[in-house]
Amino acid sequence: MDAWLGFPAASDIIPPYAFIRADESAQRLDGAREDLIAEFERLRWRLDAGGYARYVAALDAWKAGLGQRDRSRVPGDWSPSYLLSHPNSRPPVARVVAIGACDVPDTVGVWSSAGHEQITWQSDFRLSDLYEQVPAVRDGTTGFVSVVTPDGQVNRYGTQAWNYADGVLSPGAQVVGSFPLSGQVFGWMQDAMADYLAHTPSGIDCREQDLSGERVSARAKE
């Protein structure tokens, strides 16, 4: 809590968009990114050889979007207000290397077999609204989409007639679908991508401060 008290414009922090980085956060994220990129490269060769040009383009878009999210965070609510009211949830200070906060974005990130894109967020924006704009996001073979909330929680919503579920989307949420192709790799890719996104900040124009008080910029694009 003491660290937050000295954070620039602490009173302007919106809880879901505050974050912390732990000592192992960056290393974990780097490893996850390397695993995803390696799988993208293997899968790209197979899709290209099979004549799936549009899915190759979508995979390239996922890879490009992945490269824009290289700042790590620990999923959870680490805002000053939450930690003040939940003292037992405070992380060990020795393991926290930085605290940060982002501004609220005005988009929702979408990862599907159509690629990676940002959809403008609107009041009471729901998955069903998103499906109308990006039908491909619900066409994957896994039968669900993964929704990463701004604080890093990953929720699954069914997309088929027998398991269909709708849900409200917050600004900065990331919706991850799968590809309409058979193979266990597509389910793994969906899960791994959602987990990766959960470990990156969800807002825009992020500011960060390490525990020595030095301000650094945090690149956390939507």
Selection from 128, 185, 78 lying farthest towards where the dipole of the chain points positive, charges on Cβ: 185
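Work out how much length residue 39 to residue 120 would gain on full extension: take 0.36 nm times their residue separation and subtract the Cα-Cα distance, in nm to one decimal. Please report the intermediate quantities before stating the final value.
Values: separation 81, 0.36 × 81 = 29.16 nm, distance 2.98 nm.
Difference between extended and current length: 26.2 nm.
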Using only Cα atoms, find the angle between the long axis of helix 184-198 and the longest principal axis of the chain, and express it within 0 to 90 degrees, rounded to the nearest 10. 20
Based on Cα coordinates alone, diagonalise the gyration tensor for the range 1-132, multiply each eigenvalue by 5, take square roots, and list the semi-axes in whole Å, largest first. 35, 21, 10
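Among residues other than residue 184 whose Cβ falls under 12 Å from its Cβ, what is the net charge (Lys/Arg +1, Asp/Glu -1)? All intermediate terms of the calculation are to be shown ahead of the outcome.
On the way: positive: none; negative: 39, 191.
Neighbourhood net charge equals -2.
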Can you pull a Stokes-Einstein diffusion coefficient for the chain at 4 °C (1.567 mPa s), Rh from Kirkwood over Cα pairs, as a whole number of µm²/s? 72
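What is the extension gain from residue 154 to residue 30, computed as 0.36 nm multiplied by their sequence separation minus the C-alpha to C-alpha distance, in nm to one decimal?
Result for the pair: 42.7 nm of gain on full extension.
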The simple spin-label model distance between residue 161 and residue 70, using points 7 Å out along Cα→Cβ, in nm, is 4.7
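Read-outs throughout are calculated quantities, based only on the coordinates presented, and are distinct from any laboratory measurement. Source: prediction; values computed, not measured. A quick note on method: Cβ atoms are made from the backbone with ideal geometry, for glycine too, and the neighbour counts reach across all protein chains shown.
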